[in-house]
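Below: the structure, in structure tokens.
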Number of protein chains: 2
Amino acid sequence: MAGKLRIALDAMGGDRGPEEMVAGAVLAVRHEDVAVTLLGDETRVRAAVEASQLPAELAHRLEVVPTTQVVGMSEPPFEAIRRKKDSSIMRAFALHKEGRVDAVVSAGNSGAIMAAGLKYLGRLESISRPGIASAFPTMKDPVVMMDVGANVDCRPRHLFEFGVMAAAFSRVLFNIERPRIGLLSIGEEGGKGNTLVRKSHLLFQQSSLNYIGNVEGQETFQGDVDVIVCDGFVGNVCLKLSEGLAEVVTAMLGEEIKKRLPAKIGYLLARDAFAAFRRRVDYAEYGGAPLLGLQGTGVVCHGRSSAMAIKNAIRVAAEMVRNRVNDHIIALLAADDFLAKKAEAAEGENGPGAVE
Amino acid sequence: MAGKLRIALDAMGGDRGPEEMVAGAVLAVRHEDVAVTLLGDETRVRAAVEASQLPAELAHRLEVVPTTQVVGMSEPPFEAIRRKKDSSIMRAFALHKEGRVDAVVSAGNSGAIMAAGLKYLGRLESISRPGIASAFPTMKDPVVMMDVGANVDCRPRHLFEFGVMAAAFSRVLFNIERPRIGLLSIGEEGGKGNTLVRKSHLLFQQSSLNYIGNVEGQETFQGDVDVIVCDGFVGNVCLKLSEGLAEVVTAMLGEEIKKRLPAKIGYLLARDAFAAFRRRVDYAEYGGAPLLGLQGTGVVCHGRSSAMAIKNAIRVAAEMVRNRVNDHIIALLAADDFLAKKAEAAEGENGPGAVE
């Protein structure tokens, strides 16, 4: 595709409605070197675009593709993609397959997004399980965790691939030459953990990756590891738990502070300090969660994404395309593929580590 | 056993040394209606007891049993209990088996504590996997999570038993007639989660327990559920992640507040409010993590436990004995045992859900 990168944005995704999504696209064309294709309800999307009063030279970077169906947030993914061919999610990936866009961004039903991506784009060669990664803040640099929800029952080979994909993403997005990879476990020694983790540990250990061993939950936010590998069940639990806990800690601490200060000062201070803190840890700053392992590029955003979060996700999608994250994944996997093959052969059909 | 309940305390457990453990025992005899048997290095333990200057009528409630070996915190549990018969942990459970104490409290190696408990006390009838529960603070009342580390690869029947045991504990400790039980998962609908959770959901659903369905990680700290069930790998990851995250959030928020206030006020305020917050969420207040499913009573404490945490753990152990938590477990299981048996029959040897 000549010229600017073009990102498809699912205007019907997210809890805040198409107007917020369009606002995100508007921010993106203002601040990033991209064009955006908006998919969704034509009337609402066009009205929101016009309301934005973009200057003509920017407005022509926004394209609207009307769609008539919407996938609900709790709809079963495979049923949704079978029944809703004209949904914004499905059409976005269809455009991607046709080469009319370079990537897809959506704040919709993540299961349906993954299913649509698999259907239209397929898996990257030698990846058996595409997944979803998520970057989040630590005391130092952000860490990338994978998988955070796409694959709930995994084998060692899958965890190994998650490590490879997340490392390629970390390298491209955060410019880390050889990201430090840790396996989320419940003890630092390789012999600890559940069966899946113990077997995956052996795979990583023999690989050429920069594997630093098991990491425990409390290390997640220290910033001494760049990539944390886990199955999608554990990863998703961790993600949700962290969101919930951060809210509770903030609320409790806020109460204690307000108790100790004159009401007005307490209020202002809390408002201010807490807003700064929230910016610092805001998932929105990190630009969504990349789908990794597809023959193409996709980014899933939190349902409650703001325009700013959408803009950042569009930037991340563009960087993934520009910096060829998929080529990095293939190259890293090629170096270690013999390991994965060996593991698969050793596991057999119903061997240990199989849960499905 | 006539008279006061007697709790065995492993004086060699914990990172702070026997003096801190003895201080915990001293607090316990001062504030609780118990007697304590201290096991450990005779010279150090006796010196610490004397230094406490307990009045004679309390001092006679402390007994010292000399032991010569110590199990290290990272020693492999089964090796440790085989080789160190005269360790404080092993001797404590031996005394329990002989009926000379009513419960064991230790801040030592939790794997070794569980292994020693299994060896000397054995499992409670109809419990296939004893485990470790943990109570922690939420926005409302404390919640009990089980398992938090003893069983890393589980079957549905094990999760069902964890629910029963944690419910009995919740009832006895927090006086909740029918504790609300949730299954930790990654979606609220019963069809979501990994294979283990989906199968366990069916068991709970058919039981007579007060099962409220799947709960997601962010609900953990809301306080709308009394018992959260998960396998020991997930539970331990959650526990460690929460500890780590609470520290990071507190540190980041502290920085933002200090930036916004004159140095001295900021320092005092932060010190004060944060200390109050820490008391509110302090694991020490919750008195350790009960071993559930043994023919006896044991409580594991955090390695960094203070004297206050040890005192609380002794109180919890005494309450478990007084209120017959094990009888409640047996009664609850008897009501639902047909379910567990059915599940086991359906699973077979290598069926779904088997990971080991």
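The values are calculated or read from the model by the stated rules, or taken from the named source; none is laboratory data. Keep in mind that what you see is a predicted model, and the values were worked out from it rather than measured. As a convention, Cβ positions derive from the backbone with ideal geometry for all residues, glycine included, and neighbour counts pool all protein chains shown.
Let's see how each residue does on (1) in contact with a strand residue (DSSP E or B) (Cβ under 6 Å, 6 or more places away or on another chain); (2) basic (Lys, Arg); (3) free of Cβ contacts under 8 Å to residues at least 60 places away in the same chain; (4) not assigned by TED's automatic domain parsing to the domain that holds B:Leu203:
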| position | (1), (2), (3), (4) |
| --- | --- |
| B:Gln295 | no, no, no, yes |
| B:Gly298 | yes, no, no, yes |
| B:Cys301 | no, no, no, yes |
| B:Arg304 | no, yes, no, yes |
| B:Lys311 | no, yes, no, yes |
| B:Val316 | yes, no, no, yes |
| B:Asn323 | no, no, no, yes |
Positions within the range A:19-64 being within 21 Å of A:Asp102 (Cα to Cα) and in contact with an Asp or Glu (Cβ under 8 Å, 6 or more places away or on another chain), in sequence order: A:Met21, A:Ala35, A:Val36, A:Thr37, A:Leu38, A:Leu39, A:Gly40, A:Val64
Helices (runs of 4 or more DSSP H) wholly inside the range A:102-220 containing at least 1 residues that are in contact with a Ser or Thr (Cβ under 6 Å, 6 or more places away or on another chain) and closer than 26 Å to A:Thr297 by Cα: A:110-120, A:156-174
Residue tally, condition more than 14 Å from chain A (Cβ to nearest Cβ) and surrounded by 19 or more Cβ atoms within 10 Å (Cβ to Cβ), over the range B:177-218: 8
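Taking the stated definitions as given, is A:Ala133 surrounded by 24 or more Cβ atoms within 10 Å (Cβ to Cβ), over 12 Å from the mean Cα position of the chain (by Cα), under 19 Å from A:Met320 (Cβ atoms) and modelled with pLDDT of 95 or more? Lay out the reasoning, then the answer.
Values: surrounded by 24 or more Cβ atoms within 10 Å (Cβ to Cβ): yes; over 12 Å from the mean Cα position of the chain (by Cα): no; under 19 Å from A:Met320 (Cβ atoms): yes; modelled with pLDDT of 95 or more: yes.
The answer is no for A:Ala133.
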Pair list, Cβ under 9 Å, 6 or more apart: the range A:219-242 residue within 8 Å of chain B (Cβ to nearest Cβ) and without any contact (Cβ under 8 Å) to a residue 60 or more places away in the chain, other residue acidic (Asp, Glu) and surrounded by fewer than 24 Cβ atoms within 10 Å (Cβ to Cβ): A:Glu219/A:Glu188; A:Val237/B:Glu216; A:Lys240/B:Glu216; A:Lys240/B:Glu219; A:Leu241/B:Glu216
In the range A:71-101, the residues that are in a helix (DSSP H, G or I), among the polar types (S, T, N, Q) and at pLDDT below 95: none
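So which of A:Leu339, A:Leu332 is under 22 Å from A:Leu118 (Cα atoms), crowded, with 18+ Cβ neighbours inside 10 Å and modelled with pLDDT under 95? Working first, answer last.
On the way: A:Leu339 fails: under 22 Å from A:Leu118 (Cα atoms).
On inspection, the qualifying residue turns out to be A:Leu332.
Kindly indicate which of B:Asn326, B:Asn312 is buried (at least 24 other Cβ atoms within 10 Å of the Cβ) and either among the β-branched types (Val, Ile, Thr) or in a helix (DSSP H, G or I) (or both). Let's see the steps before the verdict.
On the way: B:Asn326 fails: buried (at least 24 other Cβ atoms within 10 Å of the Cβ).
Exactly one residue qualifies, and that residue is B:Asn312.
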Selected residue [within 23 Å of A:Met320 (Cα to Cα) and acidic (Asp, Glu)] from A:Asp102, A:Asp86, A:Asp15: A:Asp102
Search result, residues across the range A:221-232 that are within 15 Å of the chain's Cα centre (by Cα) and either at positive phi or in a helix (DSSP H, G or I) (or both): A:Gly232
Condition check for B:Phe174: away from every other protein chain (no Cβ under 13 Å) and crowded, with 24+ Cβ neighbours inside 10 Å: no
Within the range A:27-36, tally of residues that are more than 20 Å from the chain's Cα centre (by Cα) and closer than 10 Å to A:Arg61 by Cβ: 4
Qualifying position, being at pLDDT below 90 and of a type in the set (A, V, I, L, M), among A:Leu196, A:Leu245, A:Leu209: A:Leu245
Count of residues meeting criterion [within 26 Å of B:Gly232 (Cα to Cα), hydrophobic (A, V, I, L, M, F, W, C) and at pLDDT below 70] in the range B:256-314: 2
Candidates A:Arg100, A:Arg82, filtered to the one that is more than 30 Å from A:Gly193 (Cβ to Cβ), in contact (Cβ under 8 Å) with a residue 60 or more places away in the chain and of a type in the set (Lys, Arg): A:Arg100
Test: residue in the range A:255-262 that is surrounded by fewer than 21 Cβ atoms within 10 Å (Cβ to Cβ), farther than 24 Å from B:Ala246 by Cβ and more than 9 Å from chain B (Cβ to nearest Cβ): yes
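Scan the range A:2-45 residue by residue and report those that are in a loop (DSSP other than H, G, I, E, B) and either in contact with a strand residue (DSSP E or B) (Cβ under 6 Å, 6 or more places away or on another chain) or farther than 17 Å from A:Gly298 by Cα (or both). Please lay out each step first, then the result.
Residues of the range A:2-45 in a loop (DSSP other than H, G, I, E, B): A:2-4, A:11-17, A:32-33, A:41.
Selection gives A:Ala2, A:Gly3, A:Lys4, A:Ala11, A:Met12, A:Gly13, A:Asp15, A:Arg16, A:Gly17, A:Glu32, A:Asp33, A:Asp41.
Can you report the number of residues in the range B:54-101 which are among the hydroxyl-bearing types (Ser, Thr, Tyr) and surrounded by 20 or more Cβ atoms within 10 Å (Cβ to Cβ)? Full working, then the answer.
Our first condition is that a residue be among the hydroxyl-bearing types (Ser, Thr, Tyr); within the range B:54-101, this holds for B:67-68, B:74, B:87-88.
Subsequent filtering for residues that are surrounded by 20 or more Cβ atoms within 10 Å (Cβ to Cβ) retains B:67, B:87-88.
Of the residues in that region, 3 qualify.
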